[in-house]
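What follows is a short report on a single structure.
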Amino acid sequence: LVAALGAQRLAEVSPTAPARRRQAMAFFRFAYRLGLRAYPPLLLGFLLIKSDVLVLRLMRGASETGVYSIASQIVDVALILPTTIGALVLASVVRSERPASELLRAMRPAALAVGGLALGMLAFGHWAILWVFGRPFVGAYPALVLLLPGFVALPLQGLLGQYFASRVFLVFVSVYWLLGLIVNVSLNLLLVPRFGLLAAAGSSSVAYGLVFLLMLSRFRAEYAVEKAR
């Protein structure tokens, strides 16, 4: 839709009919190809993050899912800070002559921020849940603790994902997200019936960690090539 609307707008402002058709079609082809590359990792990332809630709701019911959603939402809110840092540094990474080195420099403060937030949730998460939501929801704290490794991995893999996205959404990024989704859903289907929300939290951390390690391995290879230049 964006490709079509952009092409229409170019056609409206182009001075001549041949230029109108040429510019409109060139824009449409470029935007459509970009969309085909951008949509899969965005969709797969969303499904990976939300699949635990969906499986838990299907297999354990609304009550346990409601408790688990508290832990999940705390992680979502805490991700705002590192996600913002990633968005701010992306421009400097794209402009840099040595983008891998620039990203590595940006990842250090992001990792410190994420580590500090994780320690804060570990230390005060129980009391925060008790104070805000009440005693019926304190069962969300053990799930939150199991989600913390995944919370650390998510924003760092987000930075790596933005680095790869700056190179027009390379296909392997979608493959990594797909592998993470398969692992998460498989572990949830295997473990949630027996262990409930704790299995959902642990499975998510394993899947997020897997995607992060795959992206980190690819990034380290590219960083080594950049250093060798």
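FYI, it's all coordinate maths here, none of it is from the lab. What you see is a predicted model, and the numbers here were worked out from it, not measured in a lab. Here the Cβ is made from the backbone with ideal geometry for all residues, glycine too, and neighbour counts use every protein chain on show.
Put a dot 7 Å past the Cα of residue 128, heading toward its Cβ, do the same for residue 47, and the two dots end up 3.1 nm apart.
So how tilted is helix 17-60 from the main axis of the chain? Cα-based, degrees 0 to 90, rounded to 10. Orientation of helix 17-60: about 10 degrees from the principal axis. Taking 0.36 nm per residue of sequence separation and removing the Cα-Cα distance, the residue 37/residue 91 pair yields an extension gain of 17.4 nm. Here each label is just a point 7 Å from Cα along the line to Cβ, and for residue 216 and residue 171 those points are 2.7 nm apart. In the chain, helical runs assigned H by DSSP with n ≥ 4 each contribute -39500 (n - 2.57); averaged across all residues and rounded to the nearest 500, the mean residue ellipticity at 222 nm is -32000 deg cm²/dmol. Centroid-to-centroid, using Cα positions, region 29-50 and region 120-155 are 31 Å apart.
Pulled fully out, how much extra length does the chain show between residue 3 and residue 108, if you take 0.36 nm times their separation in residues and subtract their Cα-Cα distance?
Details: separation 105, 0.36 × 105 = 37.80 nm, distance 3.69 nm.
Net length gain for the segment: 34.1 nm.
Give me the number: length gained by fully extending residue 101 to residue 225, i.e. 0.36 nm times residue separation minus the C-alpha to C-alpha distance, one decimal in nm. Walk me through the numbers on the way to the answer.
Details: separation 124, 0.36 × 124 = 44.64 nm, distance 1.10 nm.
Going from the current span to full extension adds 43.5 nm.
Helix 62-78 and the longest principal axis of the C-alpha atoms of the chain enclose an angle of approximately 60°.
Averaged over all directions, how much area does the convex hull of the C-alpha atoms of region 50-172 cover when projected, in nm²?
Values: hull surface 34.5 nm².
The number I arrive at for region 50-172 is 8.6 nm².
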